[in-house]
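Just below is one structure, and these are the notes that go with it.
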Amino acid sequence: MYIIPAVDVLNQKVVRLREGDYNQVTEYEVSLEEQITTYQSNGTEFVHIIDLNGAKGDFSNQQYLFDIIKKTDMKVQYGGGVRSVEKVKELIDAGIHRVIVGTQAITNPSFLEDLSKEVSGNKKLSDHIVVAIDVLDEVIKYSGWMESSPIKLLDYVDKCLNLGFFRFLCTDISKDGKLGGAGVELYKKLLAHSPFIKLIASGGISSMKDIEELNHLKLESCVVGKAIYENRISIEDVKMWNLKALTSL
């Protein structure tokens, strides 16, 4: 399991939300470009970038984000406002390593089916798509976590798998931004149901102890944001962990 550092951007500011609440925003005195440079200089291969404006349908951030992303050699896992199959393909063609699909996949029944047709028989393309599952008390949330879906969690995983999608970014909203520990029980449930999915954990990670606990679950990776900004986990910790994970493959 490797660590992917996260950068959430709202109104061109690096921020973190608490439980996905846009009214509970912490701004950090660092630019997106500076943060990406810091991660890259410390040997981190991946960075996780979320456009929080885009997540709620406001695309005013996108050009700003793309201009910066184009300058980095890092592998970018990008989400927020991906609303069409064409946009997914455009982002991948533009060099985004992984595109996260969330709201559209839940609210538009044909979106995943249409995307599946593009993915079918194309392992390389399917490897670049991440299905976001944002969960609060086993209820799937979307549109920046402001709306609830009637689709049951495990049913949704099965639907995605049947369509050829195997990588999931699961955020335990009840843990997110609180630095109170990761949603271990939620991830255990998902892996017990579908042991072979590539699962990326997100939300609540506050220490290297949390990282070690998640590592026992055999996740593919985990996303860490606030714990890095608030010096609970150092960038050197991330570098050393990822180096060890890489050499153990």
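Taking segment 139-228, which chymotrypsin sites (Phe, Trp or Tyr not before Pro) meet the DSSP loop condition and have no more than 13 other C-beta atoms within 10 Å? Counting only loop positions with at most 13 other Cβ atoms within 10 Å, the chymotrypsin sites (Phe, Trp or Tyr not before Pro) in segment 139-228 are PHE196. If the chain linking SER174 and ARG18 were pulled fully straight, counting 0.36 nm for each residue of separation and taking away their Cα-Cα distance, it would gain 55.2 nm. In this structure, the residue pairs whose Cα-Cα separation is over 31 Å, taken from LYS188/LYS226; LYS56/LYS239; LYS70/LYS244, are LYS56/LYS239.
Taking 7 Å steps out from each Cα toward its Cβ at LYS70 and LYS87 produces label points 1.9 nm apart. Given their separation in residues at 0.36 nm each and the Cα-Cα distance between them, GLU212 and GLU27 gain 63.8 nm when the chain is fully extended.
Among the trypsin sites (Lys or Arg not before Pro) found in segment 191-226, those both in a DSSP coil and sparsely packed, with 16 or fewer other Cβ atoms within 10 Å of their Cβ, are LYS218. Using 1/(1 + (r/R0)^6) with R0 = 41 angstrom and r between the beta carbons of ASP114 and THR38, what's the FRET efficiency to the nearest 0.05? Calculated transfer efficiency: 0.60. Protection proxy ranking for 130-136, 83-89, using the average of other Cβ atoms within 10 Å per residue and placing the highest first: 130-136, 83-89. Placing a label point 7 Å from the Cα of THR107 along the Cα-to-Cβ direction, the residues of segment 41-60 whose backbone N falls under 19 Å from that point are 50-60. Within the listed set ILE173, ILE233, ILE100, the residue fluctuating most in the Gaussian network model of the chain (springs between alpha-carbon atoms under 10 angstrom) is ILE233.
Where only DSSP H runs of four or more residues are counted, the chain gives -10500 deg cm²/dmol as its mean residue ellipticity at 222 nm, each run worth -39500 (n - 2.57).
Shown are PHE66, PHE59, whose ranking by accessible area with a 1.4 Å probe and every protein chain present, most to least, is PHE59, PHE66. Legend: translational diffusion of the chain by Stokes-Einstein, Rh = Kirkwood radius over C-alpha pairs, 25 °C, 0.890 mPa s; D = 136 µm²/s.
The length gained by stretching the chain between ASP137 and SER60 to full extension, at 0.36 nm per residue less their Cα-Cα distance, is 24.6 nm. Just so you know, the Cα atoms of segment 126-249 work out to an Rg and Dmax of 14.6, 42 Å.
The values are calculated or read from the model by the stated rules, or taken from the named source; none is laboratory data. It should be emphasised that the depicted structure is a prediction, and the values quoted were computed from it without experimental measurement. As a convention, Cβ positions derive from the backbone with ideal geometry for all residues, glycine included, and neighbour counts pool all protein chains shown. The area values use the complete protein model at the heavy-atom level, side chains included, leaving out ligands, DNA and RNA. Shrake-Rupley method; radii C 1.70, N 1.55, O 1.52, S 1.80 Å.
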